[in-house]
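Coordinate-derived values only; no laboratory data. These figures come from a predicted structure and were not determined experimentally. We place every Cβ from the backbone using ideal geometry, glycine too, and count neighbours over all the protein chains shown.
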Amino acid sequence: MGKSLSKNSSTTSSTSCTSYTSTLSSKPQTPPSNSRSNSFLNKRKSTFSVKSSSKWSLTISHPKNTPPSNSVLMISTPNTPSGTPRNMFTDSSDYFNVTSYDNQSSSEFKFVDGRRFYNIDSVKYFLPNDEIEMDRLKTQHYLLHNVFQSNFSSPVKEILKIGGTEVLDLGCGPGAWLLDMAEAFPKSNFTGVDLSNTLIGNDEKNIRFVKGNVLDGLPFKDSTFDYVFIRNLSYAFSEHDWKVVINEIIRITKPGGWIELMEPELKARNEGPITIYLNDAFIKDLRSQNIFINITMELEQFLKDTKQIDQVFHDEKSISCGSWAGRFGELACEDFMMIIRAIKPRLSQIIGVNQDDYDRLLESIPDEMNEHRTCFINHRFWAQKLFSI
């Protein structure tokens, strides 16, 4: 497998939100037309300083090392009746299994403003853990698959087809990625690990769930898995935690096996003023909890620092937000809004507003994203563990 990757091969991937990124530095950040929101925003800026950092918003795309060829998994969009618009946030029962939470331990969770969150002191992840959030993650899986046109980038398709391949999805959430992969490769075995079991009721025979926290050590022997996949844990770990996680997943990966990590940049490109205001407050809150928000810039080096990885391959895609980018843009905008809405009790206190004013700010985001053509950048890194000497 590793021989198919050439160290001399490279490609340049574009991360612009169409041509608008090239004019980002000169594009005026004019408020949207909602005068009530603009007036409120100007008042709040006097007490909460938010500035757009040039190192985030003006990141220049650069050549990436990628394999000369890579077979990827292609799956089709879920079938819907002809002429019927699909609401991916509510019409998911025909594509994903509905999850029951009845047998989860109540002591592990707390309820805030009607949403369920983890109640574990050692867990930094502070987005909800309820059916609304599971629906969001399922739709996000669908969105990311279509943006990258694949479920994975590691060159593992052939060994997955042959069978007997052991695959781990760490932080599997509702199991959307696992279910897709297990159905596509029925001869391979798939294990999901998360803090709570959201895979109850799945009928795939080649899937198992293991409850666990990677920071406490994974309950697997050395060199157990041929392929380890991680996605969207940017809200969960400090810099030290990330290094622990990386060493742990390398430990359980077989020599010659593949590791793949997929994380977003937390700062948007081409933001309008209200998006800047809320997103920067969100990032400020993450930093106050010692969450390492720069993981996409450091992940390649973290992998190499283990001395068990030779070369790290990297791809990145722009995810446009707003109706200007079609249905997927609408989904991406709603995904961002659902995150910001889910943490309203916390974030509204940080910026010092009541819930009505917070909701008013949120209402302005779709129009603002359309005006400024906002996008987020999502990264994939994949690497092969060195063979034993």
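Tabulated results
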{"item": "Phi to ³J(HN,Hα) by Karplus 6.51 cos²θ - 1.76 cosθ + 1.60 over segment 135-143, Hz, x for Gly, Pro", "result": "5, 4, 5, 5, 5, 4, 4, 4, 5"}
{"item": "Listed residue pairs exceeding 22 Å between alpha carbons, taken from Lys138/Lys284; Lys221/Lys243; Lys110/Lys344", "result": "Lys138/Lys284"}
{"item": "Volume of the Cα convex hull of segment 174-291, divided per residue and given in Å³", "result": "141 Å³"}
{"item": "Computed log₁₀ I(q)/I(0) - Debye formula, equal Cα scatterers, no solvent, segment 107-259, q 0.12, 0.15, 0.16 Å⁻¹", "result": "-0.52, -0.82, -0.94"}
{"item": "For segment 241-299 versus segment 153-222, the gap between their alpha-carbon centres in whole angstrom", "result": "22 Å"}
{"item": "Shape metrics for segment 213-254, restricted to C-alpha atoms - Rg then Dmax, Å", "result": "10.3, 28"}
{"item": "Share of alpha-carbon pairs per 5 Å distance bin for segment 162-227, given as whole %", "result": "4, 18, 30, 25, 16, 5, 1"}
{"item": "Given charges at beta-carbon only (K, R positive; D, E negative), |dipole| of segment 300-354 in Debye", "result": "320 debye"}
{"item": "Dipole axis of segment 317-389 (+1 Lys, Arg; -1 Asp, Glu on Cβ), positive-most option in Gln349, Leu386, Ser318", "result": "Leu386"}
{"item": "For segment 228-368, with +1 on Lys and Arg beta carbons and -1 on Asp and Glu, the positive-most of Thr306, Pro264, Ile276 along the dipole", "result": "Thr306"}
{"item": "HN-Hα J in Hz across segment 206-213 - Karplus 6.51, -1.76, 1.60, θ = phi - 60°, x for Gly and Pro", "result": "9, 10, 9, 10, 10, 6, x, 10"}
{"item": "For segment 237-389, average projected area of the Cα convex hull in nm²", "result": "9.9 nm²"}
{"item": "Cα-centre dipole for segment 222-303 with unit charges at Cβ (Lys and Arg positive, Asp and Glu negative), debye to 20", "result": "80 debye"}
{"item": "Segment 290-326: trypsin sites (Lys or Arg not before Pro) in DSSP loop, at most 15 other beta carbons within 10 Å", "result": "Lys307"}
{"item": "Amide proton proximity set for Ser238, modelled H, under 5 Å, gap of 5+", "result": "Phe292"}
{"item": "Residue-by-residue Karplus 3J(HN,Hα) for segment 350-361, coefficients 6.51, -1.76, 1.60, Hz, glycine and proline x", "result": "5, 8, x, 10, 7, 5, 5, 5, 4, 4, 5, 5"}
{"item": "Filtered trypsin sites (Lys or Arg not before Pro), segment 188-262: DSSP coil and at most 10 other beta carbons within 10 Å", "result": "Lys205, Lys221"}
